[in-house]
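Structure first, commentary second.
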Amino acid sequence: MSSKKPSKAATGPSAATSLPSTPSASAGYLPYAMLFLFALLLYGNTVTHGYALDDSIVITDNQYTKLGVAGLGKIFTTDAFEGFFGTKKDLVQGGRYRPLSMATFAIEWSLSKKNPGLSHVGNVLLYGLLGLLLFAFLRQLFPEKDPAKWWLGVPFLVTMLFMAHPIHTEVVANIKGRDELMAMLFLVGAMYASFRYVDTKAIFWLPIAGLAFFLGLLSKETPLPFVAILPLSLWFFRRSAPTATQLLAAAPVLAATGVYLAIRFSVVGFGGGSDSQQGSEILNDPFIAATASDRAATVMLTWGMYLVKLLVPIQLSHDYYFNQIPITSWGNPMVIGSLSLNLGLIGLGIYLALKRNAIGYGILFYFISFSITSNLLISIGTTMGERFVFVPSLGFLIAVVMLMRLLFKRIDLEEAKPILYVIAGIALLFALKTVTRNAVWKDNYTLFTTDAATSPNSAKVQTAAGGVTIERAEAKGTGPLEKTKLLNDAIQHLERAVAIYPEHGNAWLLMGNAQHKLDNYPGSLASYEKAMHFRPLLWDAYKNAAITARKIKRYDLAAGYYKLEIERKPTLPPGVAVGAELWYDYGSNFEEWGIKADSAIWAYSKAIEIDAKMAKAYGQIGRVYGMQLNNLDQAIAWGEKAVAIDPKLDWVYENIGIATAMKGNPQGALAVFQRGLVVSPNSAKLHKNIGITYQSLGDPTSAEQSFAKARQLDPNLR
C-alpha cells in the first residue's frame, strides 16, 4: 500500500483541467484490444440471427434498399419511409432522413441479398469501433494519472460499463439499430477531433470534426443536441483554453449542422406527421386521446422509468406501446416522484457543473442528449423505447462512475482497486444479461413472444406475437398437433390484444385467420366482422371473410363481403372500382353459387375491363357459358381467347375440348386436347379426356393408353 496521503476524488477542478499527454502511447494497444474483444464476446451470438422488427422497413421490404447500389440516389433524396410505403408519408413529426445508415444496408444487399448475418457482423464491428473511439475520447476528458494502469481509470471503467449495458441490446442486436450506432460513432469522433484541435492547435482536426459530425447526422438525428454538449464539454474540460479557441473548435460542428438541416428540409420538409394524424389511432400516436396535461404527466413518468432501467436493466422490452404505459395524470404519485427526481438531478447537474464537478457534467450530458428523444420537445411516435437512451446512457454512466469514486473517497491507484472490483462485478452482471437478451432478438417469433410476457399490456406486441405464431403454425414441417397448439397460442395473444384495445382491427383480422385455420368458421366470420367494423378500409378482412363464407357454402354472405370491399376501395384506375383480381374472385363466387351465371359473367367482364390480359377471366367466362348456360359456341369462343393470351392454361383446353365434343365433333375435341398436351404434357385430366374421346371414336387401345398415362400422372384421378 502506498505511504502517500490519499487525495480526494477526481471530481473537482483538477479533473477538468489536466490535459492528456499521449496516454495511448504510454499504455499501448492492450486496452483497445480488450475493449474490441469485449464487444465481440458480448454480441458474437447475434451474427447467426435473422431479420427482426423494423428491419423490414429499412431492408427486406424497402424497395430502394433492395435496388442495392442503384438505389443510393433515391435513399439520399427521399424520406426514410418512402422506400417502404412506396410514397411520401408524413408519419412522424420532423420526418425521417437517415440516408447514410440506410446506404450501408443497400451496399450489403448488393454484396449478398437476404443475408442478415452480414449485417449483424457489421453491427458488432461498429460497436467494437465505438468502444475504441469512446475510450480514446474519454481519455481526453479524464486522463489517467498513470496511463500504464489504465484499468483503474475513469475512461476504461465508463467504457466497460457502457459496452456491457444491456439496454443497448436493441441497438446492436437489431440490424436497424445501426443508425444509432453510426450516429454515435461519428459524433464521438467529432468530439474527439474538436478536443484534439484545442490540445494541439493542428488545424486539420477542424474539418475532420465537421465531416464526422455531418456523417453522424446523415446516419440519424441523434447528434443534434451535441451542438450544445460540445461547447459545454470544452468549457468544462478545457477552461484554460482561450474562448476564441473553444469557439473555433465548435464552429465545424455548427457549420455541419446548418448544412445538414438545409439538406434535410429540402428533402423531407418539416414533416409535421400529418399522415399519422389523419384517421390515426392510438397505436400510431400513444397520446392521441390525451390532454396536454396528461401527455406531459405520462412523459414525465417515462423519464423516471428510463432512469430505473439504466440503473437496474432487468426487465427489458422492445415495445412499450398502448397500454403497457397507460396515460396518467399529475395526480399519480409516481409522476410527482419522477418530476422531483429529474428536476432535482437537473438542478444538481447545473450546480455541480458550475463547481467543475464531473458528476454534474455527466448529468447534464444525459439530459441534453436525451432531449431529442424524450418526447418533451418532439413527438417520437411511441411512449418510450430503450434505443432512445443509447447515447444519453454515456452521460449517465459518467455520473455514476464519478459518484462511486467520490463515495470511495480515494483516488490513489492502489486505493482505487476496490472501485475496479465493484465496477467489474457490475459489468459482468450487465454482460450476462446482454448475452441472454441478445438471444431474444433471434427472429420475430422469439422477440415478440418473449416480449409479450415482459410487456403483457401492450396491444401492439400481443398482436405481433399472435401474427408470428400463426406464421410459425403455417411453416413447412409443422406437424398437425403442433400446428393446432400454435394456432391456439396465437388466439390467446390476440384475445389479450383486443381485451387491451377492443378497436384493434388488425388483431381481429389475425384472430379470424387463426380461427379459420382451426376450421372454426363461425368464429372466424365474427372476428372478420369486428375487423371491418373498426377498420372499414382493412381490405383483407373482406377478402378473408368472403373466403370463409365460401368455405361453408354461404355464397350469399361472400357476395356481400365482395360488394362491400368493391364499394369501399378507391378507384384503380380512375373510373373503375378496385383491381381485376377482386372482380375475378367476385365472379368465381357467383359461379360456385350456381344460380348467378349472368352475375358471374358480369364480374369476370369487369376484371377484363381492368386487365385485358387476364386470361383466366376469359377462360372462366367460357366455362360459365358452357357449364351453366349450355351456350357451347360462346364457351369455345371465350376459351380460345383465353389460350391465345396464355397458351399454358391446360384447364381451358379441357373446357374447349368438352364443348367441342358436346357439339358432336369428337375429332375436333381430340385436336383441342392434343393442343393442350403440347403446352402441358403432364396434365392428367387432358390425358383422361383424350381417352374418353378415343372411346367415343371406337379406338379402345388408344383410349386405354391415355387412361394409363392419366393414372400414372394422378393415381387418384377417376
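Straightening the chain between Leu343 and Val308 buys 11.1 nm, computed as 0.36 nm per residue apart minus the Cα-Cα spacing.
Only helical runs count toward this figure. For the chain, summing -39,500 (n - 2.57) over DSSP H runs of n ≥ 4 and dividing by all residues gives -21500 deg cm²/dmol at 222 nm.
Ligands, DNA and RNA left out, the accessible area of the chain computed with a 1.4 Å probe is 62% carbon and sulfur. Think of each Lys and Arg Cβ as +1 and each Asp and Glu Cβ as -1; about the Cα centre, that makes the dipole of region 85-232 roughly 300 debye.
Under a model in which nothing but the beta-carbon of Lys, Arg (+1) and Asp, Glu (-1) is charged, the chain shows a dipole of about 1780 debye around its Cα centre.
Placing pseudo-labels 7 Å out from each Cα toward the beta carbon at Asp54 and Ala499 gives an inter-label distance of 3.0 nm. Farthest towards the positive end of the charge dipole of the chain, among the residues Leu339, Phe105, Phe135, is the Cα of Phe135, using unit charges on the Cβ of Lys, Arg, Asp and Glu. Working from label points 7 Å from Cα in the Cα-to-Cβ sense, the Val267 to Lys201 distance is 3.9 nm.
Taking a straight Cα-Cα cut-off under 13 Å and skipping sequence neighbours fewer than 8 places away in the same chain, the aspartates and glutamates within cross-link reach of Lys663 are Asp633. Accessible area per residue for region 564-718, computed on protein heavy atoms with a 1.4 Å probe, is 51 Å². Measure up Lys553/Lys606; Lys476/Lys530; Lys113/Lys483; Lys176/Lys355; Lys569/Lys596; Lys569/Lys688 against 32 Å on the Cα-Cα distance and list the ones that go over. Long pairs (Cα-Cα over 32 Å): Lys176/Lys355; Lys569/Lys688. Set against the 2.2 N^0.38 Å expectation for a compact globular protein, region 586-651 has a Cα radius of gyration ratio of 1.00.
The local environment of Gly50, defined by Cβ-Cβ distances under 15 Å, has a net charge of -1 under the rule Lys, Arg +1 and Asp, Glu -1. Placing unit charges on the Cβ atoms of the charged side chains and taking the dipole of region 627-718 about its Cα centre, the candidate lying farthest along the positive direction among Gly691, Asn716, Tyr653 is Asn716. Within straight-line reach of Lys74, meaning a Cα separation under 18 Å, sit the following lysines at least 8 residues removed in sequence or on another chain: Lys66, Lys88, Lys89, Lys220. Rg over Rh for region 530-572 works out to 0.98, both radii taken from alpha-carbon positions and Rh defined as the Kirkwood radius. Charges were assigned to the Cβ only: +1 to each Lys and Arg, -1 to each Asp and Glu. The resulting dipole of region 587-718 about its Cα centre is roughly 180 debye. The stretch between Glu474 and Tyr521 holds 15.1 nm of extra length on full extension. This uses 0.36 nm per residue minus the Cα-Cα distance. Straight Cα distances below 21 angstrom link Lys149 to the lysines Lys4, Lys5, Lys8, Lys409, Lys417, with same-chain residues fewer than 8 positions distant left out. Sequence-distant contacts, meaning Cα pairs under 8 Å at least 6 residues apart, place the relative contact order of the chain at 11 percent.
Computed from label points 7 Å out along Cα-Cβ, the spacing between Ala453 and Gln315 is 1.4 nm. If R0 is taken as 25 Å, the Cβ-Cβ distance between Phe76 and Leu111 corresponds to a FRET efficiency of 0.85.
Computed over protein heavy atoms with a 1.4 Å probe, the accessible surface of region 433-482 works out to 43 Å² per residue. If you sort Lys114, Lys460 by accessible surface, 1.4 Å probe, largest first, the order is Lys114, Lys460.
Compared with the direct C-alpha span, the chain from Ala244 to Ile288 gains 11.1 nm at full extension, assuming 0.36 nm per residue. Ranking Phe226, Trp583, Gly479 by Cα position along the charge dipole of the chain, where only Lys, Arg, Asp and Glu carry charges on their C-beta atoms, puts Phe226 farthest toward the positive end.
Note on the chain: semi-axes of the ellipsoid equivalent to its C-alpha gyration tensor, largest first and rounded to whole Å, are 65, 26, 24. Each distinct pair of alpha carbons in region 327-465 adds a 1/r term; the inverse of their mean, the Kirkwood radius, is 18.0 Å. Compute the longest continuous run of the chain that contains no exposed GluC sites (Glu not before Pro); treat a site as exposed when its DSSP state is not H, G, I, E or B and it has at most 15 other Cβ atoms within 10 Å. The reported range is 1-413.
The values are calculated or read from the model by the stated rules, or taken from the named source; none is laboratory data. None of the values given here were measured: they were computed from a predicted structure. Positions of Cβ are generated from backbone atoms using ideal geometry, with glycine treated the same way; all protein chains shown enter the neighbour counts. The protein model used for the area step is the full one, side chains on, heavy atoms only, and it has no ligands, DNA or RNA in it. Shrake-Rupley method; radii C 1.70, N 1.55, O 1.52, S 1.80 Å.
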